[in-house]
Amino acid sequence: MRDRLEWIIRNSEVSAEDVCSLVLGRSHGCGNFRTKPWNVNIPPPDPHGSKYRSSRSPARSISIREANVQAFNITVPQPQQSVNQKQLNPPLQQRALHIPQQQQQLLHQNQQLEKQLLQNEDGSSGSLVDRIDLGKGKPVLKVLHLTDPHFDPDYRIGSNAVCEAPLCCNSDSGSPRKFSDAAGKWGDYRNCDSPRWLLQNMLHHIVTTHPDIDYVLCTGDLVPHHIWKISRQENVAVISEMTEMLLGFFPNAPIYGSIGNHESFPRDSFPPPENPEVWQKFGNQWLYDSISEQWSHLMREPVPPSARQAGHFSVLIRPGFRIISINTNFCYRLNWWILYKSVDPGLLLRWLVRELQMAESKGELVHIIGHLPPYYADCYDQWAHQFNRVVSRYSHIIRGQFYGHSHYDEFRIHYDMKSPSNAVGIEYISPNNGPFHDLNPSYRIFYIDGDHPETTRNVLDYETWVMNLTHANVYDAPHWYKLYSAKEDLELPSLEPRHWDNLVKRMARDPQLFARYYRYMIQDSDMEKDCDRACKRKTLCSIVDGDKMMPQKCRARG
């Protein structure tokens, strides 16, 4: 990394303030990272309109002042009685099961257990969404979202889980000082990534519990959290093994991927490919070539050339339905190349506008996938603002956005640029597949409006499934269970943006509802502390104030 930093400093007008504001930001007193203003060129809407333009119900139109002061003046009142997360958490079903040591026997045992847990007393299947009822008699697509597995081939059971390195639970992590410091068999809440058998167990549970998956989204960070121990060869090897694992469990379902910030070497380094000098010296061609080859196997079709050029692609997966995978690492604050080129690095936004314009002209509906959510704090403000301009312009055809990176179960709301009270889009941030850190392993199932003449391709519902890590390590018996479904447990009439917008307002007023949401957000994990008043405000404000260049909706009452 040193050679890259030295080159950036020599070839740009970077100040210490720029570095501080980009990497640390306002939370550390460094201010906002702001360079010269820039705009991505966005064609105006077709004056003749689009057949999809009126497909979503708008929220009541109110003024910006009213939106800021009335609707989202989120104050968190001191509750009359403290809400205890553990009291709201129903007790985990404890089952002391004998699991044989052999992997195939283990998987067979889990399959039988899962079938029992999913049966009602009358023998009917329980806990799973009824796709026919959800689609009101029309077809529904069932989509698996995997993200941030952080597969660690070097995970060692019983190794030290409390070390000074960025990642522990390896053979070189030292010896545990006491029994409680030893790495568990199925993973560890401390700074440890996913052992191979944990991911295999998760995938086996998925294919036995959800045999009707239509396609899979896999949004990056396949490799472990090592910083100094990684290399190009090791990253490629992990990505290749993850590809083989996914193909083994999903031989028929197409899998669409995106690149995580950990996939590069050095990590987080994504230089702009549009600069020939930079690309020749420091380019990621090795990564884009390697991952494009893996994507071709996973998608069961040749990957578009743009994947080898800049790590993004656009594919038509059904007539009139397109998935666009974007390389949001170009906006990542820890990508030092932003100091050299902050104006649309990678020319990603220009490419995205072109793809969306083409989709609009052809009457297609779009889902966007990526690793880093544009409205997450790790994406720098100006890029996120420009992305919001794009989403606002094409919100009538963008029917879903799916990301990972945060490791939490979250969402962000996009608002219309011209009418900021009108919610027009949702960033669904799925939780991580591994335990890093203090979190239960989890995965997400989305239900999408399916293949019929009037399809909207809207997200109809989703479920988050988790495995309690404490239970798995104590009883050597991983038990996966459905934590919640969005519509039922968050009391949403539908998953249209306006209902998510209203959910935030309800959570601001209702401490019980927020406590429930926060339990879902941390994946029902044992290690997390309760969310106090400041935590609640930060959580809710992050949902509605993703665009820092717009008037903020969430501010304290004087």
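The values are calculated or read from the model by the stated rules, or taken from the named source; none is laboratory data. Computed from a prediction, not measured in an experiment: that's the story for all the values here. Every residue, glycine among them, receives a Cβ derived from its backbone with ideal geometry; neighbour counts consider all protein chains shown.
Here are the numbers for the structure shown:
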read-out: Residues of the stretch 431-454 satisfying the condition of being in contact with a Leu (Cβ under 8 Å, 6 or more places away or on another chain) and either free of Cβ contacts under 8 Å to residues at least 40 places away in the same chain or polar (S, T, N, Q) (or both); value: 432, 433, 440, 442
read-out: Some residue of the stretch 164-187 being under 24 Å from residue 465 (Cβ atoms), modelled with pLDDT of 95 or more and not in a loop (DSSP other than H, G, I, E, B); value: no
read-out: Single unsatisfied condition, residue 421 versus (1) within 30 Å of residue 339 (Cα to Cα); (2) in contact with a helix residue (DSSP H, G or I) (Cβ under 7 Å, 6 or more places away or on another chain); (3) among the small types (Gly, Ala, Ser); value: (1)
read-out: Residue match in the stretch 506-518 (condition: part of a loop (DSSP other than H, G, I, E, B), in contact with a Ser or Thr (Cβ under 8 Å, 6 or more places away or on another chain) and not aliphatic (A, V, I, L, M)); value: no
read-out: Whichever residue in the stretch 440-463 is within 30 Å of residue 420 (Cα to Cα) and hydroxyl-bearing (Ser, Thr, Tyr) and, among such residues, is farthest from the chain's Cα centre (by Cα); value: 455
read-out: In the stretch 164-185, the residues that are touching a strand residue (DSSP E or B) at 6+ places or on another chain (Cβ under 8 Å), buried (at least 17 other Cβ atoms within 10 Å of the Cβ) and not polar (S, T, N, Q); value: 168, 169, 176, 181, 182, 183
read-out: Flag if residue 294 is within 22 Å of the chain's Cα centre (by Cα), surrounded by 16 or more Cβ atoms within 10 Å (Cβ to Cβ) and assigned to a helix (DSSP H, G or I); value: yes
read-out: Enumeration of residues in the stretch 515-533 that are free of Cβ contacts under 8 Å to residues at least 40 places away in the same chain and either more than 25 Å from residue 443 (Cα to Cα) or crowded, with 20+ Cβ neighbours inside 10 Å (or both); value: 517, 532
read-out: Qualifying position, being in contact with a Ser or Thr (Cβ under 9 Å, 6 or more places away or on another chain) and either buried (at least 24 other Cβ atoms within 10 Å of the Cβ) or under 21 Å from residue 214 (Cα atoms) (or both), among 435, 478; value: 435
read-out: Filter pass, residue 343 being part of a helix (DSSP H, G or I) and of a type in the set (Val, Ile, Thr); value: no
read-out: Any hit, the stretch 380-392, residues being part of a loop (DSSP other than H, G, I, E, B), modelled with pLDDT under 95 and touching a helix residue (DSSP H, G or I) at 6+ places or on another chain (Cβ under 8 Å); value: yes
read-out: Count of the stretch 274-293 residues which are over 19 Å from residue 263 (Cβ atoms) and either without any contact (Cβ under 8 Å) to a residue 24 or more places away in the chain or of a type in the set (S, T, N, Q) (or both); value: 4
read-out: Options 266, 224, 211: the member that is in the same structural domain as residue 435 (by TED's automatic domain parsing), of a type outside the set (A, V, I, L, M) and free of Cβ contacts under 8 Å to residues at least 12 places away in the same chain; value: 211
read-out: Among (1) of a type in the set (S, T, N, Q); (2) in contact with a strand residue (DSSP E or B) (Cβ under 9 Å, 6 or more places away or on another chain); (3) crowded, with 21+ Cβ neighbours inside 10 Å, the one test that residue 284 misses; value: (2)
read-out: Any chance residue 261 is crowded, with 20+ Cβ neighbours inside 10 Å and more than 18 Å from the chain's Cα centre (by Cα); value: no
read-out: Condition broken by residue 158, with the remaining ones in (1) over 30 Å from residue 372 (Cα atoms); (2) modelled with pLDDT of 95 or more; (3) in contact with a Gly (Cβ under 8 Å, 6 or more places away or on another chain) satisfied; value: (3)
read-out: Top-ranked residue in the stretch 1-26 [being at pLDDT 75 or above and touching a Leu at 6+ places or on another chain (Cβ under 7 Å); ranked as farthest from residue 228 (Cα to Cα)]; value: 12
read-out: Check on residue 237, surrounded by fewer than 20 Cβ atoms within 10 Å (Cβ to Cβ), over 20 Å from residue 404 (Cβ atoms) and among the small types (Gly, Ala, Ser); value: yes
read-out: Residues satisfying the stated conditions in the stretch 205-252, i.e. over 22 Å from residue 165 (Cβ atoms) and aromatic (Phe, Trp, Tyr); value: 215, 249, 250
read-out: Top-ranked residue in the stretch 297-322 [being assigned to a helix (DSSP H, G or I) and among the aliphatic types (A, V, I, L, M); ranked as surrounded by the most Cβ atoms within 10 Å (Cβ to Cβ)]; value: 307
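Residues are listed down the side, and each one gets a yes or a no for (1) touching a Pro at 6+ places or on another chain (Cβ under 9 Å); (2) surrounded by fewer than 24 Cβ atoms within 10 Å (Cβ to Cβ):
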| residue | (1), (2) |
| --- | --- |
| 325 | no, no |
| 328 | yes, no |
| 334 | no, yes |
| 338 | yes, no |
| 343 | no, yes |
| 350 | no, yes |
| 358 | no, yes |
| 368 | no, no |
| 373 | no, no |
